[in-house]
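The values are calculated or read from the model by the stated rules, or taken from the named source; none is laboratory data. Here the structure is a predicted model, which is why all the values come from computation and not from measurement. Because the Cβ atoms are built from the backbone with ideal geometry, glycine has one as well, and the counts that use them run over all protein chains shown.
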Amino acid sequence: MDVSTTLSRLGNAASSFLAGKHQLFIDNQFVDAKSGKTFDVFEPSSGQMIAKVAAADAADVDVAVAAARRAFETGPWSKMVPAERGKLMNKLADLIEANADELAQIESLDNGKPVTFARFIDIGGTIDMFRYMAGWATRINGETITPSIPGDWHVYTLREPVGVVGQIVPWNFPLAMASWKLGPALAAGCTAILKPAEQTPLSALRLAQLIQEAGFPPGVINILPGLGETAGAAIAAHPGIDKVAFTGSTEVGKLIVQAASGNLKKVSLELGGKSPVVVFPDVDMARAIPGAANGIFFNSGQVCTAGSRLYAHKKVFDRLVEGVAAEAAKIKVGPGLDPATQIGPLVSQEQLERVTGYIAAGRRDGATVVTGGKRLGDDGYFVQPTILADTNPNMSVVREEIFGPVICAIPFDDDDLDRIAREANATSYGLAASIWTTNLGIAHKMAKRIKAGSVWINTHNMVDPAVPFGGYKQSGWGREMSHNAIDLYTETKSVFASL
Ligand code: ADP
């Protein structure tokens with residue numbers, strides 16, 4: 001498909017944003033990168049270039065850190081009462097809502113995802129997150145403690161913002177991931193340097209305009225598009241940054257930890273997953289079939305919690321796989337801005353090669369392709385929704401995160417919950433899992449046995465700003481959302497007063 005068809009579907013606001021200059025946002029100013037360098041942004045349904053964006057590197061990170069430090073230590077932000085911070089965040093949420101259709105179009109154009117999903121899930125989720133976190137601004141409190149030391153004491157704790165934070169986000173939910181990071185940081189009173197992914201920098205730059213419009217003081221939020229190895233690495237290593245928060249691959253998460261060790265900045269990580277979808281024989285098929293299909297195919301499988309291992313009891317395995325295959329065949333794959341599209345292309349040429357490479361490796365290793373398995377068309381980065389069967393635990397398709405619309409269907413023939421859980425847990429990841437059964441006892445017993453940060457019963461991929469989210473094992477460090485996210489952005493100070 002030619003990019004002009006996609007571009008013609010943009011509204012006026014999104015078109016004029018796209019036609020504008022795409023610069024770094026530092027200290028409330030839009031500026032070029034010091035090096036003058038830019039990088040190209042591609043539209044995933046055509047593979048054609050749609051924008052050039054300023055590419056930050058270490059020198060720009062230095063400037064942004066200085067601005068964020070000033071804002072944190074001496075600027076109006078540091079003196080602002082919590083209610084004022086909350087008010088600004090709510091104002092930003094209102095502005096995002098007022099421009100939601102435009103932002104959804106930008107997100108769909110940049111990432112490839114269906115525009116309706118972008119509107120309700122990505123942009124809707126972003127608005128909800130800022131509003132939820134705005135409420136936390138006035139609810140961050142220490143405690144008074146009665147110690148057992150002889151004498152008269154007044155002992156209490158203060159919760160203070162951790163300082164200047166670096167935030168590195170991925171391309172699968174670009175704006176929503178930015179809100180997961182910025183929301184709690186702003187509520188806690190931190191200042192931030194956010195780096196969107198190089199594949200999808202556009203919505204964060206539109207957000208920067210709205211941040212300016214909302215009236216945040218200079219330096220509070222800085223948005224630095226750039227490459228991972230340059231801008232991202234500079235943020236992770238910077239001695240003037242007190243905390244780094246990262247969402248992305250486990251591989252890069254490990255690099256972030258190493259880079260952060262220089263000044264031992266605090267680190268929180270939300271990494272990959274290989275989430276099991278565990279289906280028991282008493283399942284309600286009418287829910288499990290679309291549930292398992294959505295669990296893997298939503299957002300073209302580019303979801304860290306995607307249900308990519310379908311473990312089903314052999315009594316229901318064949319029916320389930322047939323059902324999910326029929327769902328896969330019905331899905332309308334197309335450009336994100338086509339209103340009929342249900343799943344879009346993958347985000348990039350690199351992802352296309354990665355996902356088709358895994359499918360090829362699965363075939364070589366002896367897996368059977370039940371449905372899909374091929375690239376769609378010659379333009380853009382489309383891959384068919386794919387089900388693989390006859391796999392074994394040594395295959396890369398079973399062990400590694402594919403991050404595409406590919407599910408491995410694996411039967412089990414067991415009634416022992418410990419053994420079933422052991423298989424479901426046989427992965428280095430621990431981000432999420434879903435359990436499908438009509439038996440409450442089995443559901444909750446399994447929920448206990450699963451080693452993952454989120455367990456869903458008769459549903460998959462559910463998140464809410466009030467519910468903690470994060471990973472066991474190599475899926476990450478720390479929990480985002482809820483009051484847990486506030487913990488990531490605050491230090492606790494204990495004060496002992498001898499009276
Ligand atoms: P994916 O492999 O799915 O593209 P990544 O983990 O590579 O995901 O990317 C997530 C984010 O991490 C992006 O913003 C990317 O630019 C950034 N990134 C990539 N490499 C590094 C690095 N070495 N240091 C810091 N950030 C990085």
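Below, the figures for the structure above:
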read-out	value
Residue among ASN263, ASN294 that alone is outside the structural domain of ILE410 (by TED's automatic domain parsing) and surrounded by fewer than 24 Cβ atoms within 10 Å (Cβ to Cβ)	ASN263
Among residues of segment 324-372, those that are within 16 Å of the ligand (Cβ to nearest atom) and free of Cβ contacts under 8 Å to residues at least 40 places away in the same chain, counted	5
Residues of segment 343-369 satisfying the condition of being exposed (fewer than 15 other Cβ atoms within 10 Å of the Cβ), assigned to a helix (DSSP H, G or I) and polar (S, T, N, Q)	GLN349
Some residue of segment 187-197 being at pLDDT 95 or above, within 14 Å of the ligand (Cβ to nearest atom), surrounded by fewer than 24 Cβ atoms within 10 Å (Cβ to Cβ) and farther than 21 Å from PRO218 by Cβ	no
Which listed residue, of THR116, THR144, is away from the ligand (no atom under 16 Å from the Cβ), modelled with pLDDT of 95 or more, more than 18 Å from the chain's Cα centre (by Cα) and within 30 Å of MET49 (Cβ to Cβ)	THR116
Single condition GLU160 does not satisfy, out of (1) more than 13 Å from the ligand (Cβ to nearest atom); (2) buried (at least 24 other Cβ atoms within 10 Å of the Cβ)	(2)
Count of segment 1-60 residues which are acidic (Asp, Glu) and part of a helix (DSSP H, G or I)	1
Filter result for ALA233 (within 21 Å of the chain's Cα centre (by Cα), assigned to a helix (DSSP H, G or I) and more than 11 Å from the ligand (Cβ to nearest atom))	no
Among residues of segment 198-230, those that are assigned to a helix (DSSP H, G or I), in contact with an Asp or Glu (Cβ under 9 Å, 6 or more places away or on another chain) and away from the ligand (no atom under 16 Å from the Cβ), counted	2
Residues being near the ligand (Cβ under 8 Å from one of its atoms) and within 24 Å of ARG70 (Cα to Cα) - total across segment 239-268	2
Cβ-Cβ under 6 Å pairs, at least 6 apart or on other chains, segment 166-186 side closer than 12 Å to ILE223 by Cα, far side basic (Lys, Arg) and within 9 Å of the ligand (Cβ to nearest atom)	ILE168/LYS195
Test: residue in segment 457-465 that is in a strand (DSSP E or B) and in the same structural domain as ALA306 (by TED's automatic domain parsing)	yes
